[in-house]
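One structure below.
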Amino acid sequence: MNSIANSKTSISTVSEHTVEIITDSGEGAQKCAHVFGQTCAKMGNGVWTVEIIPAEIEPPAHTTTSTSGNIVRFGTEKITNWGDQSKLAVAFNDQVCLSRHRLDSFDDNCIILHECSWETHEDENVREQYAKAMEEMSSKNYRLIKVPIEEETLKVVDNAQHGKNMFALGLLAEIYQRDLSIIEKQIAHIFRHKPAKITEINVELVKRGMAWARDNLKFQYIIESKPVVENRVVMTGNQAAALGAVAAGMELCAMYPITPATSVSHELAAIIENYGGIVHQAEDEIAAAGVALGASYGGKVALTVTSGPGMALKTEFLALAIMSEIPLVVLDVQRGGPSTGLPTKVEQSDLLSSLYGQPGDAPRIVIAPRSIEECFHSMITARRIAETFRCVVIVLTDANLASGVQQFTRPEFDSRWQQDPVDFSALPEGLRPYDWDPETGLSRRIVPGTPGGQHTVTGLAHDESSKVSYDPESNERGCRMRSRKLAVLQSTLLPPPIYGEEKGDLLVVGWGSTQGAIEEAVDRAHDAGLSVSSCQLTFLSPLEPGLKEIFSRYRKVMTVEINYSDTIGDPYITEETRRYGQLAWILRAQTLVDIDCWTSCPGQPLRPNDIYNSILEKIK
Amino acid sequence: MNSNVISLLNLENDNPQCLAAEDYQKDEGKWCAGCGDFGALNAVKRLLAKEQLKPEKMAFVSGIGCSSRFPHYVNAYGFHGIHGRALPIATGLKLARPELDVFVVMGDGDCTSIGAGHWIHATRYNANLTVLLLDNNIYGLTKNQTSPTSPQGTISNTSPSGSVLPPLDPLQATLGVSNASFVAQTADWVPAHLYATLQAAYEHRGFSFVRILQRCPKFTPDVFTEQVKNPDLTELLVHENGVNAPGLDKLFKASREHDPTDIDEARALAQRTDLLRLGMFFRDESFPVYDDIRTVSPVSAQEKIRKLEKEFDRYAV
Ligand SMILES: Cc1ncc(C[n+]2csc(CCOP(=O)(O)OP(=O)(O)O)c2C)c(N)n1
Ligand SMILES: [Mg+2]
């Protein structure tokens with residue numbers, strides 16, 4: 001690493017940058033990044049923000065496990081994913097910085113604005129630890145700039161812990177020429193419930209950061225922005241899903257806390273009662289599914305929200321919902337698994353269990369939003385499908401979408417989304433609770449309270465009247481009708497759009513949250529003269545139609561997924577023993593096309609560059 | 001549950017369209033001859049007729065077990081769910097439709113073993129449900145396995161040399177849960193008491209937990225033989241606010257004035273093993289009822305959209 005000496009200011013125009021703010025947990029990195037990201041968005045930049053969350057609430061400070069922070073990627077164009085390595089970092093201590101270095105999070109030439117006080121700390125051990133960290137990081141060409149963050153902050157406040165983040169924000173504001181008036185408004189908004197003095201102090205700290213940068217840093221970056229033509233909002237995927245649930249008319253969310261799904265219920269708990277709904281915190285995930293199912297049986301629009309381990313517990317209830325044809329929406333914010341796995345980190349490993357995670361044949365619908373915007377809209381879709389098809393709809397988001405922040409077009413609400421879920425009009429004479437249309441398997445739902453509709457719902461095999469019946473014909477008919485609904489739904493879907501050429505050497509198939517990173521990798525491949533396209537699936541059960549035909553137009557097809565697959569050539573791993581990525585399993589089975597996969601489960605979103613490299617590898 | 005309005009009208013006598021107990025029977029009960037579940041079903045049908053409940057305005061929710069077949073035999077909406085999980089379904093239904101009368105029927109394995117977690121929490125939520133534990137001290141449907149309530153020494157397919165643990169007492173357990181608002185015990189061989197207990201449970205606003213002692217003719221025909229033969233082994237808990245079945249004082253000589261608002265006395269009585277006690281152990285109507293406290297007023301679609309627009313303003317770029 002080399003420390004740069006002060007010289008005259010150089011100004012470079014770049015199309016985008018990725019910045020990280022890394023601190024001990026509790027030092028306010030989130031607030032700093034939140035204001036910075038919001039300011040970039042308001043100035044018309046595309047933005048994507050990712051949280052760096054330690055596993056513990058208050059891990060010991062100044063260690064490699066205490067790292068808390070944010071990554072903000074922003075640019076002139078729309079930003080769809082967290083990108084590759086960071087170009088600039090503000091680090092409050094050497095250990096959190098080291099932890100990011102070890103994760104290969106910094107670009108080789110990353111500029112690191114580093115708190116300078118540790119180097120000369122009175123405690124010899126601290127100094128030694130600092131020196132060691134610097135030594136380890138010297139393998140890279142980072143540009144280390146020592147900044148008296150703490151010292152400067154103490155000129156304004158007594159406790160630097162509550163202030164360094166705003167000084168850091170000032171540094172960034174100056175380097176990237178951010179609009180101070182927007183920053184001031186953001187800060188005032190955050191502290192709107194506190195005395196005005198608090199806002200003043202925080203703004204003062206930002207100004208100090210700016211002044212320090214002006215006097216001491218001789219570089220700036222300009223990232224141009226485009227005028228904002230449409231109304232946009234910016235939020236996390238979990239906020240979008242929660243608001244989507246409200247916009248979809250959901251009236252009861254039953255849940256049990258589990259990361260990274262919990263914040264959906266926090267958002268809902270804060271507002272849903274204003275919309276005539278409630279959040280019920282159940283005693284466990286099984287009960288949460290049961291309460292949601294009971295409410296839906298009673299004619300409410302109900303939702304249950306969870307993550308992997310909770311999904312495992314809900315399985316028996318989901319089968320009951322499927323068997324009894326009671327609509328139910330389940331939001332699974334995927335995290336790393338199996339078992340407790342990686343609680344705060346992203347993975348796409350719940351696909352097969354979402355499709356097949358029940359004993360017996362239990363067809364259900366599975367959809368995966370591809371962006372934060374789709375987290376909102378998928379809730380409306382999910383409700384609609386669940387009610388039309390009297391079935392379970394599982395919405396698979398993940399930790400990447402859950403806490404990522406992105407702008408999207410402000411939705412226009414449609415009052416039909418709020419439509420009453422059940423038809424209480426008089427029942428036609430003789431209507432049975434499962435009067436399946438023999439073609440489609442669809443039937444009219446009868447809800448308690450409807451005169452003349454009394455029947456007993458059961459998870460046992462039953463006939464059209466919901467009478468328990470074990471005879472071969474009834475059981476086969478029930479299975480057929482429940483399955484048929486998926487085919488009928490598929491007949492209403494369009495083939496997935498192709499990103500890039502309609503035919504070529506390689507088609508990359510992804511699902512859910514990886515869309516942005518995959519398409520960015522495809523762009524790079526295209527720029528490098530390769531014939532690569534991609535297609536991102538939203539419907540996983542049933543699959544979108546036309547896949548086999550689409551696949552036939554490419555020499556090779558591979559999936560890209562954030563889950564585990566074996567690598568041929570590893571000990572014991574051959575064509576015969578190889579276990580594929582989860583979407584690859586499904587597509588191979590469904591299309592009989594020899595689909596390859598490139599998957600990875602690092603507990604992080606995929607990076608466009610890694611996907612690009614896998615493309616280079618596979619296209620050979 | 002509050003039946004005052006309907007009871008006052010006394011529809012049974014005045015209304016020509018009045019439903020008889022048999023009108024509440026749907027399919028014929030398919031239990032073994034002599035099963036205690038029939039006794040519970042008969043008492044329930046009598047209660048429904050007495051209250052003149054509209055079949056479409058009530059729901060019976062159950063788990064899995066012989067006893068959980070109950071909803072199939074009642075002319076009402078029914079939900080025959082999964083093993084141990086009737087209470088969450090019933091809680092959800094009640095939250096959705098507080099105006100419906102919701103009854104829950106569970107077996108002893110269903111409630112006190114696989115469903116034990118839900119049982120504790122449902123007691124605590126105190127939703128307005130009438131809850132029947134059909135306790136035959138055995139797993140019936142799966143053919144003779146030891147249940148948590150089986151007396152120590154019970155010979156069953158899973159404890160051929162006699163069960164090793166003393167039984168779990170559902171009354172003590174329920175009375176130990178904060179917020180328990182109604183706990184009573186009755187028995188299939190005392191139909192008048194069974195009926196009167198269900199009546200009291202139905203009238204209680206809140207989670208009314210009734211343990212119905214009964215015999216399984218196949219696997220536990222003799223669990224209560226001594227008590228059935230000798231009424232002196234049973235003590236009735238009586239009180240003007242308790243369970244009052246006319247004429248029982250002649251049959252049972254032992255009776256005790258027990259004020260059902262006295263939780264300490266209720267717990268002490270539940271703990272004693274000297275006599276079998278039937279009656280109301282505890283009732284307190286002052287606890288908040290979950291479906292009351294979670295009721296929010298409905299909001300029109302237009303109003304929701306207006307609010308959503310405001311919500312989105314917070315996120316506007
Ligand atoms: C998850 C699950 N585990 C086990 C069973 C099998 N099973 C059905 S009923 C039952 C116990 C029935 O005993 P109880 O609840 O006392 O009801 P009873 O038949 O005696 O009325 C069991 C273990 C099941 N259906 N589901
Ligand atoms: Mg039993």
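The values are calculated or read from the model by the stated rules, or taken from the named source; none is laboratory data. Nothing here was measured: the structure is a model prediction, and the numbers come from that model. Counting neighbours? That spans all protein chains shown, and the Cβs are built from the backbone with ideal geometry, glycine included. For the accessible areas, the whole protein counts, side chains as well, though only heavy atoms, and no ligand, DNA or RNA atoms are used. Shrake-Rupley method; radii C 1.70, N 1.55, O 1.52, S 1.80 Å.
Brief remarks on what is shown
- Residue count for segment B:97-111 under the criterion of being within 26 Å of residue A:277 (Cβ to Cβ), open to solvent by less than 10 Å² (accessible area, probe 1.4 Å) and not in a strand (DSSP E or B): the result is 1.
- The set of residues from segment B:294-308 being surrounded by 14 or more Cβ atoms within 10 Å (Cβ to Cβ) and more than 7 Å from every other protein chain (Cβ to nearest Cβ) comprises just one member, B:303.
- In segment B:140-149, the qualifying residues are those that are within 6 Å of ligand 1 (Cβ to nearest atom) and surrounded by 24 or more Cβ atoms within 10 Å (Cβ to Cβ), and the one that is farthest from residue B:36 (Cα to Cα) is B:147.
- Once segment B:74-87 is narrowed to residues that are within 14 Å of ligand 1 (Cβ to nearest atom) and open to solvent by 10 Å² or more (accessible area, probe 1.4 Å), the residue that is farthest from the other protein chains (Cβ to nearest Cβ) is B:83.
- Scan of segment B:149-184 for residues that are polar (S, T, N, Q), outside any loop (DSSP other than H, G, I, E, B) and within 24 Å of residue B:210 (Cα to Cα), ordered by number: B:172, B:174
- Residue match in segment B:88-101 (condition: of a type outside the set (Ser, Thr, Tyr), within 16 Å of ligand 2 (Cβ to nearest atom) and more than 7 Å from chain A (Cβ to nearest Cβ)): no
- Checking residue A:58 against (1) touching a strand residue (DSSP E or B) at 6+ places or on another chain (Cβ under 8 Å); (2) on the phi < 0 side of the Ramachandran plot, the condition it does not meet: (1)
- Selection within segment A:35-69 - part of a strand (DSSP E or B) and aliphatic (A, V, I, L, M): A:47, A:50, A:52
- Sole residue being under 33 Å from the mean Cα position of the chain (by Cα), free of Cβ contacts under 8 Å to residues at least 60 places away in the same chain and more than 25 Å from residue A:111 (Cβ to Cβ), chosen from A:236, A:199: A:199
- Top-ranked residue in segment A:566-597 [being assigned to a loop (DSSP other than H, G, I, E, B) and among the acidic types (Asp, Glu); ranked as surrounded by the most Cβ atoms within 10 Å (Cβ to Cβ)]: A:566
- Condition met for residue A:277 (under 24 Å from residue B:82 (Cβ atoms), facing chain B (nearest Cβ under 8 Å) and not aliphatic (A, V, I, L, M)): no
- Looking at A:553, A:524, just one residue is in contact with a Lys or Arg (Cβ under 6 Å, 6 or more places away or on another chain) and more than 12 Å from residue A:497 (Cα to Cα), and that residue is A:553.
- Residue identified as assigned to a helix (DSSP H, G or I), at negative phi and open to solvent by less than 30 Å² (accessible area, probe 1.4 Å) among A:89, A:173, A:131: A:173
- Residues that are of a type in the set (Val, Ile, Thr) and open to solvent by 30 Å² or more (accessible area, probe 1.4 Å), drawn from segment A:457-487: A:468
- Qualifying residues in segment B:112-139 (those that are crowded, with 23+ Cβ neighbours inside 10 Å and more than 21 Å from residue B:200 (Cα to Cα)) - the one farthest from ligand 2 (Cβ to nearest atom): B:118
Conditions (1) in a helix (DSSP H, G or I); (2) surrounded by 24 or more Cβ atoms within 10 Å (Cβ to Cβ), marked per residue:
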| position | (1), (2) |
| --- | --- |
| A:346 | no, yes |
| A:360 | no, no |
| A:373 | yes, no |
| A:393 | no, yes |
| A:411 | no, no |
| A:432 | no, no |
| A:436 | no, no |
| A:453 | no, no |
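- Count - residues of segment B:49-70 that are more than 9 Å from chain A (Cβ to nearest Cβ), outside any helix (DSSP H, G or I) and away from ligand 1 (no atom under 14 Å from the Cβ): 2
- One residue alone among B:138, B:120 is modelled with pLDDT of 95 or more and within 15 Å of the chain's Cα centre (by Cα), and that residue is B:120.
- Strands (runs of 3 or more DSSP E) wholly inside segment A:249-337 containing at least 3 residues that are open to solvent by less than 10 Å² (accessible area, probe 1.4 Å): A:252-255, A:302-306, A:328-334
- Test result for residue A:559, among the polar types (S, T, N, Q), closer than 30 Å to residue A:389 by Cα and either touching a strand residue (DSSP E or B) at 6+ places or on another chain (Cβ under 7 Å) or open to solvent by less than 40 Å² (accessible area, probe 1.4 Å) (or both): yes
- Selection of first residues in segment B:134-159 that are away from chain A (no Cβ under 14 Å) and of second residues that are more than 10 Å from ligand 2 (Cβ to nearest atom) and acidic (Asp, Glu), restricted to Cβ pairs under 9 Å at least 6 apart or on distinct chains, gives the following pairs, ordered by first then second residue: B:134/B:188; B:136/B:188; B:149/B:169.
- All positions within segment B:29-48 that are buried (at least 22 other Cβ atoms within 10 Å of the Cβ) and assigned to a helix (DSSP H, G or I): B:36, B:37, B:39, B:40, B:41, B:43, B:44, B:47, B:48
- Test: residue in segment A:224-246 that is away from every other protein chain (no Cβ under 14 Å) and surrounded by fewer than 21 Cβ atoms within 10 Å (Cβ to Cβ): yes
- Which numbered condition residue A:545 misses (of (1) open to solvent by 10 Å² or more (accessible area, probe 1.4 Å); (2) under 20 Å from the mean Cα position of the chain (by Cα); (3) within 17 Å of residue A:494 (Cβ to Cβ)): (2)
- The number of residues in segment B:259-293 that are surrounded by 14 or more Cβ atoms within 10 Å (Cβ to Cβ), among the hydrophobic types (A, V, I, L, M, F, W, C) and within 14 Å of another protein chain (Cβ to nearest Cβ) comes to 0.
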